[in-house]
Amino acid sequence: MTLYPEKLTCITGAAQSEVGRPSSRTALQLTADACLAAIADAGLKVSDIDGIATYPGKSSEGGGIAPVSPSEAAAVLGIEPRWILASAEGFSHMAPIFNAITAIACGLARHVVVFRSVAQATARLASRQSTLMAGSRSRVDGNNAWTVPYNALSPINTFALYAQAYFEKYGANEEQLGMIAVSGRRNAALNENAVYRKPLSLEDYLAARVISTPLRLFDCDSHIDGSTAIVVSHIDAAKDLRNPPLHIESMGMAVGGLWAGRYEGDFTSIPAAHRAGEMLWQRTDLKPADMDCAQIYDGFSIHVWMWMEALGLVPRGEACRFVEGGQRIALDGELPLNTGGGQLSAGRFHGYGHIHEATVQLWGRGAGRQVRDAKTCVISNGGYGYGAMILRRD
Amino acid sequence: MSQTPPPARKLPELEPDTAFYWTSGAEGVLRIQRCADCGIYQHPPFPRCSCCGSEAVAPAPVSGKGRIASYTINYEPWVPGLEVPFVFAAVELTEQRELYVFTNLLAPAEAARVGMAVTVEFEQHDDVWLPMFRPDAGEDAA
């Protein structure tokens, strides 16, 4: 098999800051909390880190979605990076990880800390409208110009189109979709850092207000303040570290469709996510059936169905029936799903909660939510750009 | 001090590549960018044809008819003064498969259906003529 760059790299440390709605700590403090803890978790010193990367960088727009730049994080941490990257474009949230993999494989860095920080709870305290798509200017431009004038002010309106088309094509229903939120909440109850831990029944889900049909309140993730960091290392530099290395077995990435403002397909699947899924499985001998658990992006619940099918974890049109009743996606089920609660219950760590949870499971740190003998995990990120990874422990 | 009510809609910036889409309604016609060389329509417009690479792309009049590919009924009042519920929809235009435009449906929310035949109707706000769509009764009866 071709030597793919990800095979030369592994995850050696991971950590999450506290989660707040809001947090009393600033985004930069939360970033430092997560990065320092991840570096310590790997058994490394700050001086061992020679690369730093984040998604998406820093912007005053977007209501706390982009509060910290990699340069200021490096300065605060006392890292003198040889390699640095902020990536707002491309394969969505995983882009800095994929780029870090490439940098490490090329010899530009040995240990890269990758972080993702959000300060959306704080931003929404100042203005509840700060996280909408309309921006702060008097008129809207770029991709949002096609939707915002029609008062599609939240991404939910776009993804609701996918949910409605999927419901109609495959005969799916709201009880089936509700299991994403209900199952996630069951797992979040066992995750001390999850933002919502109170039990949620299917009845509670159905009784909650409709936001944009067919999506309800609990189909939406939740704005938080928090940060996640991982350390990506060269396999040769990982041998004597604190944790068994988590091999990056393969990566898959794609852009297109929504990212370019183009709508591909018939709204019942996300074609670019399928392209990421195809790439993912081309680079490994592992098969979907070999996955011990799955951390699947859930900005909105419907993303999970789109991604499960894109990754080939279930056949097209079958995600709705696979999750029905919740047994097959439970911690002791066929494919334990979003074992830390996902973004719907653990909070919008924006894909990095999923990556962190994969490390929790593979390092056996799940306590009450631990999946037995978890050795492999598939992770996906993104609603507009698409990234997926398989992590594997020896 | 009186409070000015927020605008009913945030309008699109008239950008060089896109202004024709938002102003074409002044003549009562919907226009979509089309490639003169390969004949394909593309939306949103680009400075070149993403199918054949030609730069011979220009706005071309279309029928203004299509079908609802998908829709959602929005109930959340995202900003003060926003009237809910309303229908946000993707319309697949008759001219070409997967040629989508976004819109609101000018009909009671509960009337929306996937596959519903619709026809364009423009709504003017300042220098913008927003393409809206209403059920095309003639088409559905046909």
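The values are calculated or read from the model by the stated rules, or taken from the named source; none is laboratory data. Predicted model only: the values in this text are computed from it and were never measured. Methodologically, a virtual Cβ is constructed for each residue, glycine included, from the backbone with ideal geometry; neighbour enumeration extends over all protein chains shown.
Which residue, of B:E83, B:E95, is within 10 Å of chain A (Cβ to nearest Cβ) and not hydrophobic (A, V, I, L, M, F, W, C)?
Working: B:E95 fails: within 10 Å of chain A (Cβ to nearest Cβ).
Unique residue meeting the criteria: B:E83.
Looking only at residues that are closer than 23 Å to A:I329 by Cβ and within 14 Å of chain B (Cβ to nearest Cβ) in segment A:166-203, which one is nearest to the chain's Cα centre (by Cα)? Step through it out loud before you land on a result.
First, pick out the residues of segment A:166-203 that are closer than 23 Å to A:I329 by Cβ: A:166-167, A:169-203.
Checking which are within 14 Å of chain B (Cβ to nearest Cβ) leaves us with A:166-167, A:169-172, A:174, A:177.
On the way: A:Y166: 22, A:F167: 24, A:K169: 27, A:Y170: 26, A:G171: 28, A:A172: 25, A:E174: 24, A:L177: 19 Å.
Going through the qualifying residues, I end up with A:L177.
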Next item on the list: Consider only pairs whose beta carbons are under 8 Å apart and that are at least six residues apart or on different chains; among these, list those whose first residue lies in segment B:113-133 and is more than 13 Å from chain A (Cβ to nearest Cβ) and whose second residue is surrounded by fewer than 20 Cβ atoms within 10 Å (Cβ to Cβ) and hydrophobic (A, V, I, L, M, F, W, C).
Entry: B:V120/B:M132; B:E121/B:L106; B:E121/B:M132
Note to self: Among the residues of segment B:41-59, what is the count of those that are closer than 19 Å to A:Y263 by Cα and either touching a residue at least 60 places away in the same chain (Cβ under 8 Å) or not in a loop (DSSP other than H, G, I, E, B) (or both)?
What the structure shows: 2
Notebook entry, point to check: Which of the residues spanning segment A:140-165 are at the interface with chain B (Cβ under 7 Å from one of its Cβ atoms) and over 19 Å from B:V101 (Cβ atoms)?
Noted result: A:S154
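Quick one: in segment A:252-298, which of the residues that are in contact with a Lys or Arg (Cβ under 8 Å, 6 or more places away or on another chain) and crowded, with 24+ Cβ neighbours inside 10 Å is farthest from A:D394 (Cα to Cα)? Explain how you work it out, then say what you get.
At the first step, the residues of segment A:252-298 found to be in contact with a Lys or Arg (Cβ under 8 Å, 6 or more places away or on another chain) are A:252, A:254, A:256, A:266, A:268-269, A:281, A:286, A:292.
Okay, now just the ones that are also crowded, with 24+ Cβ neighbours inside 10 Å, so A:252, A:254.
Details: A:G252: 21, A:A254: 28 Å.
Filtering first and then ranking leaves A:A254.
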Next item on the list: Output yes when any residue across segment B:67-75 is surrounded by fewer than 18 Cβ atoms within 10 Å (Cβ to Cβ), within 14 Å of chain A (Cβ to nearest Cβ), without any contact (Cβ under 8 Å) to a residue 24 or more places away in the chain and closer than 30 Å to A:D219 by Cα, and no when none is.
Entry: yes
Next item on the list: Return the residue satisfying two criteria in turn: it lies in segment A:23-38 and is touching a residue at least 12 places away in the same chain (Cβ under 8 Å) and more than 24 Å from A:A88 (Cα to Cα), and of such residues it is surrounded by the fewest Cβ atoms within 10 Å (Cβ to Cβ).
Entry: A:A37
Check: Which one of the conditions (1) aliphatic (A, V, I, L, M); (2) in contact with a Leu (Cβ under 9 Å, 6 or more places away or on another chain); (3) buried (at least 21 other Cβ atoms within 10 Å of the Cβ) does B:V57 fail to meet, given that it meets all the rest?
Finding: (2)
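Look through A:R116, A:R124 and report the one residue that is touching a helix residue (DSSP H, G or I) at 6+ places or on another chain (Cβ under 6 Å) and either touching a residue at least 24 places away in the same chain (Cβ under 8 Å) or among the small types (G, A, S) (or both).
On the way: A:R124 fails: touching a helix residue (DSSP H, G or I) at 6+ places or on another chain (Cβ under 6 Å).
The unique qualifying residue is A:R116.
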Check: With respect to A:G317, is the statement that it is assigned by TED's automatic domain parsing to the domain that holds A:Y166, part of a loop (DSSP other than H, G, I, E, B) and surrounded by fewer than 24 Cβ atoms within 10 Å (Cβ to Cβ) true?
Finding: yes
Check: Scanning for something more than 30 Å from A:R216 (Cα to Cα), touching a residue at least 60 places away in the same chain (Cβ under 8 Å) and in contact with a Gly (Cβ under 8 Å, 6 or more places away or on another chain), does segment B:13-29 turn up at least one residue?
Finding: no
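Within segment A:107-120, is even one residue surrounded by fewer than 23 Cβ atoms within 10 Å (Cβ to Cβ) and under 23 Å from the mean Cα position of the chain (by Cα)? Quick ask: steps written out before the conclusion?
Filtering segment A:107-120 for residues surrounded by fewer than 23 Cβ atoms within 10 Å (Cβ to Cβ) gives A:107-108, A:110.
From what's left, under 23 Å from the mean Cα position of the chain (by Cα): none.
The answer is no; no qualifying residue exists.
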Notebook entry, point to check: Quick one: B:A137 ticks every box in (1) within 8 Å of another protein chain (Cβ to nearest Cβ); (2) small (G, A, S); (3) over 11 Å from the mean Cα position of the chain (by Cα) bar one, so which box is it?
Noted result: (1)
Next item on the list: Give segment A:90-101 a look and list any residue that's touching a residue at least 60 places away in the same chain (Cβ under 8 Å) and either over 14 Å from A:I11 (Cα atoms) or in contact with a Leu (Cβ under 6 Å, 6 or more places away or on another chain) (or both), or say none.
Entry: A:G90, A:F91, A:S92, A:H93, A:A95
